[in-house]
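For reference, the structure is listed below as structure tokens.
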Amino acid sequence: MDYSGLPSHPDHDVAVRLLPRGQGALFSFTLAGGRAAAAAFTDAVRLFTPMTHLGDVRSLVLHPASTTHAQRADDELERIGIGPGLLRLSVGLEDAADLIADLQRGLAAAATAAPAAPAAPTRQLEAVPA
């Protein structure tokens, strides 16, 4: 999970200082199953639209390795922190319970995707403070 709102994020103190009202609803996370898991997640969700747009009121999901950074070689992607299982989520204004159910559907699909070498977590997962 890469979200500056988490106390464990290396830039949390800077984010709190610069964004005292909160860090927003954009974050990323990496699925251990790589591209197959990311594709399964993206295919399974219904409320998170796969598109490259910021500032929308709708919830969006993006797989940078196959979209915005598709022209880069795999070794370069890894070097700049874009692994094959990385997904970026922008949470919109839909009902929270519906979004959670959609994320659970995506994670369940990702868990059954073709296995890949496990990705090393970049940060410890923890609950986002309310």
Hz values of 3J(HN,Hα) by residue in the stretch 36-42 - Karplus curve (6.51, -1.76, 1.60), Gly and Pro given as x
5, 5, 5, 5, 5, 4, 4
Enumerate the calculated ³J(HN,Hα) couplings along the stretch 17-27 in order (Karplus 6.51 cos²θ - 1.76 cosθ + 1.60, θ = phi - 60°), each rounded to whole Hz, writing x wherever the residue is Gly or Pro.
5, 7, 10, x, 8, x, 9, x, 10, 10, 8
How large is the dipole of the stretch 1-76 about the Cα centre if only Lys and Arg carry +1 and Asp and Glu carry -1, each at its Cβ, rounded to the nearest 20 debye?
320
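Read-outs throughout are calculated quantities, based only on the coordinates presented, and are distinct from any laboratory measurement. These numbers were taken from a predicted model, which means no experiment stands behind them. Positions of Cβ are generated from backbone atoms using ideal geometry, with glycine treated the same way; all protein chains shown enter the neighbour counts.
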